[in-house]
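Peer 1: Take this structure first; my questions come after.
The values are calculated or read from the model by the stated rules, or taken from the named source; none is laboratory data. Quantities reported herein were computed from a predicted structural model and do not represent experimental measurements. Positions of Cβ are backbone-derived with ideal geometry, glycine not excepted, and every protein chain shown enters the neighbour counts. For the accessible areas, the whole protein counts, side chains as well, though only heavy atoms, and no ligand, DNA or RNA atoms are used. Shrake-Rupley method; radii C 1.70, N 1.55, O 1.52, S 1.80 Å.
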Amino acid sequence: MLVDFNFRIIFEYLPLFLTGLRSTFFISLVSISLALVTGVIACACRISGIKILKYPAIAFIEIIRSTPLLVQIYFLYFGLPTLGLRVPEIQTGIIALMLNSGAYIAEIIRAGITSVDQGQLEAGTASGLNYIQRMRFIILPQALGVTVPPLLGQSIVLVKDSALLSLISVMELTRCGQTMTSERFMPAEAFFTVAFFYMCIYFCLKALADWSQRKLIFREAY
Amino acid sequence: MIEFKNVNKWFGKLHVLNNINLKIPKGEVLVICGPSGSGKSTLIRCINRLEKIQNGEIIVNNTPVHDKLTNLTKLRAEIGFVFQQFHLYPHMTVLQNVMLAPVNVKKIAKAEAKKIAMEKLEQVGLTEKHGVHPAQLSGGQQQRVAIARGLAMSPEIMLFDEPTSALDPEMIGEVLDVMVNLVSEGMTMCVVTHEMGFARKVANRVLFMDEGAIVETGTPNEFFDNPKTDRAATFISMILTH
Ligand SMILES: Nc1ncnc2c1ncn2[C@@H]1O[C@H](COP(=O)(O)OP(=O)(O)O)[C@@H](O)[C@H]1O
Ligand SMILES: [Mg+2]
């Protein structure tokens, strides 16, 4: 089978794939950054105990987690124009990824915060520390240790999820594979290359995740 | 120094504090005992408002604790609290644990706070452990750090909620010794404990609680040798045979 594999065509299409890779990289980076902000806000609302913040946050998180990402993408892609909002595909895609990962990140952060023993917070309260000081000195340093590795895991998920944006014709990595397939009809070569680039991103992020895990767990043990 | 006036508290339907009236003068060492679930923890947690009360009044140093206008930070800074489970901050060193509140609540300069913290660690016999993390200490040592952490705020009152119940038997003594030392310095103390030896040695008064109410109070010897109520007698025989 490999005998039939046409490596020449891969090199011919390499410039296209590299723009696709750049696009995927850019979309992922912007989406994950925005998702982080979304997640922090959603989590803060959710644990605030203030009803008008808490219930919308729960609704948002549950709606996102109970529906497929592709449906969310289509919903925004077809839904936003009917609201009179003309948003380019790439922005639509970024918004979808931001909301989707944001909901998962909200839960990751919440798990990190609730993993800190309640008793330590009481000890802080009893010694006169206020809410912000308890967050800053007691919760966050410990929550960070358990939050960073799953956050990097979510970033890996987001990079792979961004492939779905090809379905609303965003010119990212997977879309480049589709383009090459339709122009030359060589799907094996096209998607072999696409997969290869995703794996490269994956292994970079995984190395970062492993490194952070070692670093953070090491710190916790001392 | 501490006064409860007709204090009532409910958790849902559970009447956890039933019309509590209590005066603890300055310098008194009060031991609180009673069966599990009788409301001992809740009683002392109300003193620094870790728990709210539904009616009545608690006054600490002329300050109504449960008044909306009370400066809670200032109130809590004057009251040290030691928990059964220590609740040290595992990501900080022993010294950082002890310095955290003085630096951030009392706004004491770091160098000064460090000096105070080292003095308190010396008082509990753990100066040489100041640089390690709590996980590297035995239970007894952790509880002594927790006491030093409370003392570092120079409180006028120390509250202890079963400080030795989570400890292996061989470590109970070292923690009680530290507490006995505190008594000799004239600290006002409320101690929830079933350590009869400690109570007989240093307590001015023993208070026996059952089902949210104060059933009996008396000097340690009166209480342990001649309890007035059947409930107290049953309880004492239970901790003796235990
Ligand atoms: N936060 C809470 N919510 C509901 N019930 C509680 C809470 N804390 C304690 N209780 C109940 O109140 C009663 C008294 O508890 P506690 O003061 O801890 O007793 P003790 O310290 O004497 O064992 C128990 O029945 C306990 O289950
Ligand atoms: Mg208790």
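Peer 1: Report, by residue number, each residue of segment B:128-170 that is of a type in the set (S, T, N, Q) and within 16 Å of ligand 1 (Cβ to nearest atom). Let's see the steps before the verdict.
Peer 2: Going through segment B:128-170, the residues of a type in the set (S, T, N, Q) turn out to be B:136, B:138, B:141-143, B:154, B:164-165.
Across segment B:128-170, the qualifying residues are B:Thr164, B:Ser165.
Peer 1: Tell me, yes or no, whether segment B:116-133 has at least one residue that is in a helix (DSSP H, G or I), open to solvent by 30 Å² or more (accessible area, probe 1.4 Å) and in contact with a Lys or Arg (Cβ under 7 Å, 6 or more places away or on another chain).
Peer 2: No: segment B:116-133 contains no residue that is in a helix (DSSP H, G or I), open to solvent by 30 Å² or more (accessible area, probe 1.4 Å) and in contact with a Lys or Arg (Cβ under 7 Å, 6 or more places away or on another chain).
Peer 1: Picking from A:Arg136, A:Arg86, A:Arg110, A:Arg65, which residue would you name as being charged (D, E, K, R), within 14 Å of chain B (Cβ to nearest Cβ) and out of contact with any strand residue (DSSP E or B) (no Cβ under 6 Å at 6 or more places or on another chain)? Talk me through it step by step, then tell me what you get.
Peer 2: Details: A:Arg86 fails: within 14 Å of chain B (Cβ to nearest Cβ); A:Arg110 fails: within 14 Å of chain B (Cβ to nearest Cβ); A:Arg65 fails: within 14 Å of chain B (Cβ to nearest Cβ).
Just a single option satisfies the conditions, and that option is A:Arg136.
Peer 1: For segment B:17-38, which positions are within 16 Å of ligand 2 (Cβ to nearest atom) and open to solvent by 10 Å² or more (accessible area, probe 1.4 Å)?
Peer 2: Here is the first cut: in segment B:17-38, the ones within 16 Å of ligand 2 (Cβ to nearest atom) are B:17, B:20, B:30-38.
Across segment B:17-38, the qualifying residues are B:Pro35, B:Ser36, B:Gly37.
Peer 1: B:Ser165 passes all but one of (1) within 16 Å of ligand 2 (Cβ to nearest atom); (2) open to solvent by 10 Å² or more (accessible area, probe 1.4 Å); (3) free of Cβ contacts under 8 Å to residues at least 40 places away in the same chain; which number fails?
Peer 2: (3)
Peer 1: Would you confirm whether or not segment B:63-71 contains a residue that is in contact (Cβ under 8 Å) with a residue 40 or more places away in the chain and away from ligand 2 (no atom under 16 Å from the Cβ)? Even if it seems obvious, please write down each step before you answer.
Peer 2: If we filter segment B:63-71 for residues that are in contact (Cβ under 8 Å) with a residue 40 or more places away in the chain, which is where we start, we get none.
No, segment B:63-71 contains no residue that is in contact (Cβ under 8 Å) with a residue 40 or more places away in the chain and away from ligand 2 (no atom under 16 Å from the Cβ).
Peer 1: Shifting gears a bit: State yes or no: is B:Gln85 touching a residue at least 40 places away in the same chain (Cβ under 8 Å), within 9 Å of chain A (Cβ to nearest Cβ) and out of contact with any Pro (no Cβ under 7 Å at 6 or more places or on another chain)? Let's see the steps before the verdict.
Peer 2: Details: touching a residue at least 40 places away in the same chain (Cβ under 8 Å): yes; within 9 Å of chain A (Cβ to nearest Cβ): yes; out of contact with any Pro (no Cβ under 7 Å at 6 or more places or on another chain): yes.
Taking the combined requirement at face value, the residue satisfies it.
Peer 1: For the list (1) over 24 Å from B:Gln143 (Cα atoms); (2) modelled with pLDDT of 95 or more, I need the number of the one condition that B:Asn97 fails.
Peer 2: (1)
Peer 1: Suppose we filter segment B:84-103 for residues that are away from ligand 2 (no atom under 16 Å from the Cβ), open to solvent by 30 Å² or more (accessible area, probe 1.4 Å) and among the polar types (S, T, N, Q); how many remain?
Peer 2: Final tally of qualifying residues: 1.
Peer 1: Give just the number: which of (1) touching a Cys at 6+ places or on another chain (Cβ under 9 Å); (2) surrounded by 15 or more Cβ atoms within 10 Å (Cβ to Cβ) does B:Phe81 not satisfy?
Peer 2: It fails just one condition, (1).
Peer 1: Please go through segment A:134-145 and pick out each residue that is within 23 Å of B:Leu159 (Cα to Cα) and open to solvent by 10 Å² or more (accessible area, probe 1.4 Å).
Peer 2: At the first step, the residues of segment A:134-145 found to be within 23 Å of B:Leu159 (Cα to Cα) are A:134, A:138.
If the condition is that a residue be within 23 Å of B:Leu159 (Cα to Cα) and open to solvent by 10 Å² or more (accessible area, probe 1.4 Å), then A:Arg134 is the only one that fits.
Peer 1: Please work out if A:Thr181 is open to solvent by 20 Å² or more (accessible area, probe 1.4 Å), in a helix (DSSP H, G or I) and among the β-branched types (Val, Ile, Thr).
Peer 2: Numbers: open to solvent by 20 Å² or more (accessible area, probe 1.4 Å): yes; in a helix (DSSP H, G or I): yes; among the β-branched types (Val, Ile, Thr): yes.
So A:Thr181 fits the description; yes.
Peer 1: Is one or more of the residues making up segment B:83-106 touching a strand residue (DSSP E or B) at 6+ places or on another chain (Cβ under 7 Å), more than 13 Å from ligand 1 (Cβ to nearest atom) and not aromatic (Phe, Trp, Tyr)?
Peer 2: no
Peer 1: Only one of these is within 14 Å of chain A (Cβ to nearest Cβ), away from ligand 2 (no atom under 16 Å from the Cβ) and among the β-branched types (Val, Ile, Thr): B:Ile79, B:Ile47. Name it.
Peer 2: Values: B:Ile47 fails: away from ligand 2 (no atom under 16 Å from the Cβ).
On inspection, the qualifying residue turns out to be B:Ile79.
Peer 1: Condition first: touching a Phe, Trp or Tyr at 6+ places or on another chain (Cβ under 7 Å) and away from chain B (no Cβ under 14 Å). Can you find one or more residues in segment A:208-218 that meet it?
Peer 2: Looking only at segment A:208-218, we keep the residues that are touching a Phe, Trp or Tyr at 6+ places or on another chain (Cβ under 7 Å), and these are none.
No, segment A:208-218 contains no residue that is touching a Phe, Trp or Tyr at 6+ places or on another chain (Cβ under 7 Å) and away from chain B (no Cβ under 14 Å).
Peer 1: Can you tell me which residues in segment B:161-176 are over 22 Å from B:Thr127 (Cα atoms) and either assigned to a loop (DSSP other than H, G, I, E, B) or within 12 Å of chain A (Cβ to nearest Cβ) (or both)? Can you show your working first?
Peer 2: So the first thing to find is which residues in segment B:161-176 are over 22 Å from B:Thr127 (Cα atoms), and the list is B:161-162, B:165-166, B:168-169.
Listed by number, the residues that qualify are B:Asp161, B:Glu162, B:Ser165, B:Ala166, B:Asp168.
Peer 1: Looking only at segment A:152-176, which residues are among the aliphatic types (A, V, I, L, M) and farther than 19 Å from A:Pro88 by Cα? Explain how you work it out, then say what you get.
Peer 2: Within segment A:152-176, the first condition is being among the aliphatic types (A, V, I, L, M), and the residues that meet it are A:152, A:156-159, A:163-165, A:167-168, A:170-171, A:173.
A:Leu152, A:Ile156, A:Val157, A:Leu158, A:Val159, listed by residue number.
Peer 1: For segment A:121-133, name all the residues that are more than 7 Å from chain B (Cβ to nearest Cβ) and either open to solvent by less than 20 Å² (accessible area, probe 1.4 Å) or under 18 Å from B:Val145 (Cα atoms) (or both).
Peer 2: At the first step, the residues of segment A:121-133 found to be more than 7 Å from chain B (Cβ to nearest Cβ) are A:121, A:124, A:131-132.
If the condition is that a residue be more than 7 Å from chain B (Cβ to nearest Cβ) and either open to solvent by less than 20 Å² (accessible area, probe 1.4 Å) or under 18 Å from B:Val145 (Cα atoms) (or both), then A:Leu121, A:Gly124 are the ones that fit.
Peer 1: Of everything in segment A:59-89 that's farther than 16 Å from A:Asp161 by Cβ and crowded, with 16+ Cβ neighbours inside 10 Å, which residue is farthest from the chain's Cα centre (by Cα)?
Peer 2: Checking each candidate, the answer is A:Phe60.
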